[in-house]
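What follows is a short report on a single structure.
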Amino acid sequence: MEEPFPAERLEMVRSRIAAAATRVGRDPSSVRLIGASKTVPAEVLVHAVRAGLEDLGENRVQEAEAKAPLLRADLTDGAGPQWHLIGHLQSNKARKAVALFDWIHSVDSPRLADALDRIALELGRTPRVLVEVNTSGEASKEGVAPADAPALIAHVAGLSAIRLVGLMTIGPLAGDARPAFRLLKQLRDAAGLPELVELSMGMSGDFEDAVEEGATMVRVGSALFGARTL
């Protein structure tokens, strides 16, 4: 009978991250592995966390809202994961997002940032946030345009309750993702903010390239959990 979550998949992905980091002289421990868990059942995630996966990334607030209590009920030994919102966030879901997530990767407008900040202050929460940049220029992707990123970064950095820690991007649907990853790093470095340390970039098909280009977070789904069923 197949295991709900084969632990060797986790070790294989970690080995690939470590190899990519080593190739460019980076410490593998500087890269955080986020399990992109869209459509993955909560019972599978429980096994993944018990196998050592410390971070889970959900695309939808509603899906995390359903899964998080199930994980808390099963993981009674304090081994709960850090929750990351890695999908697009609408302002009308901001309250639930602040309550649920430790990290929000998809801040793409001053309006959303202001809503998150106001709600975080009300709830006494300090979520870490990243500004999402559309570095590939593809119309199908969310994120602020690179030319507008500096102004948004400065705006979010000036807010009081949410904590700006980095930038996020999604690589192009086809072709070489490295230029998109390099642009994100250039935007982060040009901002000149010491707190802007995180680069969330790279998924199952390109996370090794992302690590070589400086990613501090990779969002890996199918390489960990297998092909999505929905």
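The values are calculated or read from the model by the stated rules, or taken from the named source; none is laboratory data. As the structure is a prediction and not an experimental result, all values here were calculated from the model. As a convention, Cβ positions derive from the backbone with ideal geometry for all residues, glycine included, and neighbour counts pool all protein chains shown. For the accessible areas, the whole protein counts, side chains as well, though only heavy atoms, and no ligand, DNA or RNA atoms are used. Shrake-Rupley method; radii C 1.70, N 1.55, O 1.52, S 1.80 Å.
Structure data summary
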read-out: Answer residue from the stretch 100-111, given it is within 17 Å of the chain's Cα centre (by Cα) and outside any loop (DSSP other than H, G, I, E, B) and is surrounded by the most Cβ atoms within 10 Å (Cβ to Cβ) among those; value: V107
read-out: Qualifying position, being at pLDDT 95 or above, farther than 19 Å from E3 by Cβ and of a type in the set (G, A, S), among A73, A64, A68; value: A64
read-out: Subset of the stretch 132-149 (residues that are part of a loop (DSSP other than H, G, I, E, B), small (G, A, S) and within 21 Å of W103 (Cβ to Cβ)); value: G143
read-out: Where R95 falls short, out of the listed (1) out of contact with any Gly (no Cβ under 9 Å at 6 or more places or on another chain); (2) over 23 Å from E122 (Cβ atoms); value: (2)
read-out: All positions within the stretch 2-34 that are crowded, with 19+ Cβ neighbours inside 10 Å and in contact with a His (Cβ under 9 Å, 6 or more places away or on another chain); value: F5, I34
read-out: Selection within the stretch 42-91 - open to solvent by 20 Å² or more (accessible area, probe 1.4 Å), among the small types (G, A, S) and more than 18 Å from P127 (Cβ to Cβ); value: A51, G52, A66, A73, G78, A79
read-out: Count - residues of the stretch 41-97 that are in contact (Cβ under 8 Å) with a residue 60 or more places away in the chain, in a loop (DSSP other than H, G, I, E, B) and in contact with a Pro (Cβ under 9 Å, 6 or more places away or on another chain); value: 1
read-out: Selected residue (criterion: nearest to W103 (Cα to Cα)) from residues of the stretch 194-207 that are open to solvent by less than 50 Å² (accessible area, probe 1.4 Å) and not hydroxyl-bearing (S, T, Y); value: E198
read-out: Subset of the stretch 150-171 that is in a loop (DSSP other than H, G, I, E, B) and touching a helix residue (DSSP H, G or I) at 6+ places or on another chain (Cβ under 6 Å) - its residue that is surrounded by the fewest Cβ atoms within 10 Å (Cβ to Cβ); value: A161
read-out: Filter result (open to solvent by less than 50 Å² (accessible area, probe 1.4 Å) and at pLDDT 95 or above) within the stretch 172-182; value: A177, R178, A180, F181
read-out: Out of R118, R125, sole residue that is in a loop (DSSP other than H, G, I, E, B) and over 24 Å from K185 (Cα atoms); value: R125
read-out: Matching residues, the stretch 87-128, being in contact with a strand residue (DSSP E or B) (Cβ under 6 Å, 6 or more places away or on another chain), under 15 Å from L164 (Cα atoms) and not β-branched (V, I, T); value: F101, D102, W103, H105, S106, D108, A113, P127, R128
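Residue-wise test of (1) closer than 15 Å to R219 by Cβ; (2) charged (D, E, K, R).
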site	(1), (2)
I17	yes, no
G35	yes, no
K38	yes, yes
E54	yes, yes
E58	yes, yes
L75	no, no
